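Below: the structure, in structure tokens.
Read the figures in this text as sums done on the coordinates, not as results from a lab. A quick note: this is a predicted structure, and the numbers were derived from the prediction, not measured. Here the Cβ is made from the backbone with ideal geometry for all residues, glycine too, and neighbour counts use every protein chain on show.
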Amino acid sequence: MTVPLVTANGAAIPAIGFGTFRMPKVEVQKVVPEAITTGFRHIDTAQFYDNEDAVGQAIINSGVARKDIFLTTKIRPDRFANDVFVASLHQSLKDLKTDYVDLLLLHWPVFSDAPLEAQIATLNAMRAAGLVRHIGVSNYTVDLMRKAMAFSDAPIITNQIEFHPYLKQDIVYAEARKLGLSLTGYFAMANGQVHEDEVLKTIAAKTGKTVAQVVLRWVIQHEGVAVLSKTATVSRVRENFDIFDFELSAADMAAISALARTGARMAKPEAYAPQWAND
Ligand SMILES: NC(=O)c1ccc[n+]([C@@H]2O[C@H](COP(=O)([O-])OP(=O)(O)OC[C@H]3O[C@@H](n4cnc5c(N)ncnc54)[C@H](OP(=O)(O)O)[C@@H]3O)[C@@H](O)[C@H]2O)c1
């Protein structure tokens, strides 16, 4: 089946992407071709994950043409200074065995190596040079999204952020809708917490789906939001992909959103994380 697309500022992003965080190279080699065969056409990696070479090889091994995969990587925040940034992107492309990525993200907002305006300028230059089809950011607050958009010549197409039922992201979501960029959600399963949740289990039983599928579906039923899903377990690849044959009712969507609570943010590395308005 063809995956629905999230459109944003001129880009079309497959609504579900396969994540590769905390996935050693041997697992990437085993699971990523399986994910592509299953139907995933959006693959997410990063310089931080230390697996770009395995991801590149797995895409080749899948037999699906490179042009049919939406491939994202992210620049490490300690590589934002212009010449280091450019050299690191060339290395990523070499490792990924491709001459472009579909989406290049600034992984975390940090300003020690280069001011934001300079980071955005380098992103734009990489796009103008044809090394990158689209540009985006990750872990950006409302204020940072606005600044990035204002500094950028080319449209920013996504802000990749933590997105799960326990974390209120309505402020960033509303601003992203206003600015016309998509969100790409990560940690949909809240590091495993969702599976034992009674509300989610009830909705899963009612819809004949698993809790994992309900949560992934809840993310993509937000207009303009794509979801990332990672599993190293081959039997879960199909499960996580099969979220396009059912719909959550408005009442179920609201019941899941009502699970949000304070203190639910999981990704907050001290060196890189911004100050979020609602934490
Ligand atoms: N931009 C950023 O700063 C950032 C931060 C974090 C993540 N990401 C991206 O987002 C992707 C997704 O995040 P994530 O990798 O942390 O986690 P995730 O997709 O939320 O999955 C977390 C864990 O849930 C388990 N799981 C997956 N499917 C399951 C199922 N059907 N039933 C039960 N358990 C299941 C997996 O374990 P098994 O592998 O053992 O199956 C996995 O380790 C990452 O891989 C990465 O590409 C980006």
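Under a 5 Å amide H cut-off, with hydrogens placed 1.01 Å from N, VAL6 pairs with ILE13, ALA15 among residues at least 5 apart or on other chains. Multiplying the residue separation of ALA251 and GLU196 by 0.36 nm and removing their Cα-Cα distance gives an extension gain of 17.8 nm. Which residue, PRO77, PRO115, PRO155, tops the fluctuation ranking in a GNM of the chain built on C-alpha contacts under 10 Å? The residue that fluctuates most here is PRO115. Comparing Cα centroids, region 17-56 and region 214-279 end up 19 angstrom apart. Taking other Cβ atoms within 10 Å as a rough exposure proxy, TYR173, TYR100, TYR140 sort from fewest to most as TYR100, TYR173, TYR140.
Identify the residues of region 118-151 with backbone N under 20 Å of a label point that sits 7 angstrom from the Cα of ASP170 along the Cα-to-Cβ direction, or state none. Answer for this model: 141-143. Pairs of lysine residues in region 99-223 that meet both criteria, 8 or more places apart or on different chains and Cα atoms under 30 Å apart, total 7. For LYS268, the aspartates and glutamates whose Cα falls under 17 Å of its own Cα, not counting residues fewer than eight places away in the same chain, are ASP78, GLU162, ASP279. A straight chain from GLN29 to ASP68 at 0.36 nm per residue would run longer than the Cα-Cα distance by 12.2 nm. In order along region 11-25, the Karplus-derived 3J(HN,Hα) couplings, from 6.51 cos²θ - 1.76 cosθ + 1.60 at θ = phi - 60°, round to 9, 10, 10, x, 5, 10, x, 9, x, 10, 5, 6, 10, x, 4 Hz, and Gly and Pro are given as x. A Gaussian network model of the chain, with springs between Cα atoms under 10 Å, assigns the largest mean-square fluctuation among VAL142, VAL199, VAL26 to VAL26. The residues LEU216, LEU179, when put in order of fewest to most other Cβ atoms within 10 Å, stand as LEU179, LEU216.
A simple spin-label model places pseudo-atoms 7 Å from Cα toward Cβ; at THR207 and LYS268 they are separated by 2.9 nm. For LYS97, the lysines whose Cα falls under 23 Å of its own Cα, not counting residues fewer than eight places away in the same chain, are LYS25, LYS30, LYS67, LYS74, LYS230. Computed from the alpha carbon atoms alone, the convex hull of the chain holds 116 Å³ per residue. Taking every alpha-carbon pair within region 17-60, the share separated by more than 15 Å comes to 27 percent. Approximating the spin labels as points 7 Å out from Cα along Cα→Cβ, the ALA121-to-THR38 distance works out to 4.4 nm. Between THR7 and ARG146, the contour length at 0.36 nm per residue exceeds the Cα-Cα span by 48.1 nm.
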